[in-house]
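Trainee: Here it is, the structure in full.
The values are calculated or read from the model by the stated rules, or taken from the named source; none is laboratory data. Worth saying up front: this structure is predicted, and the values here are computed from it rather than measured. Positions of Cβ are backbone-derived with ideal geometry, glycine not excepted, and every protein chain shown enters the neighbour counts.
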């Protein structure tokens, strides 16, 4: 809950607060400025204020995933990424339990191959809990940004299995009985390429924003990424890109398939 001593952060999208050209993160990856629309900035701040996940849809390549990193950078917050796959289970984002390691240690202990000082550690079931991105965010002492990326890749039951955790921000570790309650509500971004419909119950718990293709920002985006690019070259490149995009939209539109930004 917001208090005078702990006000909620506000995302501005101010270019002055974005990464500078050539800047790298702690892993050595290049960082780039992010140019959000006023509507997207408003959606982010509403999600922060209401403490609800922000579901982002839009064609591949339009900047859905990068938003979480941009918000985390401006607000100087850690970001935890949960990249969803077809085999991902909802529990994986909270925690996994290494039953194989526990069985191995139990067998070693039975044969006397475990040091006496290690017995308390391997006897504690909490030793084998591996926290996932969302579980870590709940346990973090500081406010954290969480990105649940491409949720529509998972099984149809996946979103429903996260309802209580996202709504109440708590969960129980079945193997230990530990109840994890979020120290504070993380800022949660969820992306979808709309490959499959999401359950209504899940949608009701999210705020929604469709990230439009940035037709009118292309030159600004290129200049932000490559500030020393010749103006004439940039304009010609954008013009050619738009021409090709229109042609692809026409060609694929005739076949019933919509062209995406990534294509």
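Trainee: Given the residues 243, 179, which is the only one that is over 17 Å from residue 62 (Cβ atoms) and not assigned by TED's automatic domain parsing to the domain that holds residue 66?
Mentor: From the options 243, 179, the qualifying one is 243.
Trainee: Considering only the range 109-128, how many residues are touching a helix residue (DSSP H, G or I) at 6+ places or on another chain (Cβ under 9 Å) and either under 30 Å from residue 82 (Cβ atoms) or not in a helix (DSSP H, G or I) (or both)?
Mentor: Taking the range 109-128 as the starting set, the residues that turn out to be touching a helix residue (DSSP H, G or I) at 6+ places or on another chain (Cβ under 9 Å) are 109, 113-114, 118-119, 121-123, 125, 127-128.
Subset that is either under 30 Å from residue 82 (Cβ atoms) or not in a helix (DSSP H, G or I) (or both): 113-114, 121-122, 125, 127-128.
Residues meeting the conditions: 7.
Trainee: Here are the criteria: (1) touching a residue at least 12 places away in the same chain (Cβ under 8 Å); (2) over 30 Å from residue 237 (Cα atoms); (3) assigned to a loop (DSSP other than H, G, I, E, B). Tell me which single one residue 213 does not satisfy.
Mentor: (2)
Trainee: Would you confirm, using the coordinates I've provided, whether residue 162 is crowded, with 19+ Cβ neighbours inside 10 Å, in the same structural domain as residue 43 (by TED's automatic domain parsing) and assigned to a strand (DSSP E or B)?
Mentor: No.
Trainee: Can you tell me which residue in the range 147-159 is surrounded by the fewest Cβ atoms within 10 Å (Cβ to Cβ), limited to those that are assigned to a loop (DSSP other than H, G, I, E, B) and touching a helix residue (DSSP H, G or I) at 6+ places or on another chain (Cβ under 7 Å)?
Mentor: 158
Trainee: Select from the range 48-85 the residues that are assigned to a helix (DSSP H, G or I) and either outside the structural domain of residue 207 (by TED's automatic domain parsing) or more than 14 Å from the chain's Cα centre (by Cα) (or both) and list them in ascending order.
Mentor: 48, 49, 50, 74, 75
Trainee: Can you name the residue in the range 199-210 that is closer than 22 Å to residue 42 by Cβ and assigned to a loop (DSSP other than H, G, I, E, B) and is also farthest from the chain's Cα centre (by Cα) among such residues? Steps first, please.
Mentor: To start, the set of residues in the range 199-210 that are closer than 22 Å to residue 42 by Cβ comprises 203-210.
Subset that is assigned to a loop (DSSP other than H, G, I, E, B): 204-206.
Working: 204: 19, 205: 17, 206: 14 Å.
Looking at the filtered set, the residue picked out is 204.
Trainee: Here is a further query. I'm told residue 100 meets every condition in (1) farther than 21 Å from residue 159 by Cβ; (2) exposed (fewer than 12 other Cβ atoms within 10 Å of the Cβ); (3) assigned by TED's automatic domain parsing to the domain that holds residue 149 except one. Can you identify the failing condition by its number?
Mentor: Against the list (1) farther than 21 Å from residue 159 by Cβ; (2) exposed (fewer than 12 other Cβ atoms within 10 Å of the Cβ); (3) assigned by TED's automatic domain parsing to the domain that holds residue 149, residue 100 comes up short only on (3).
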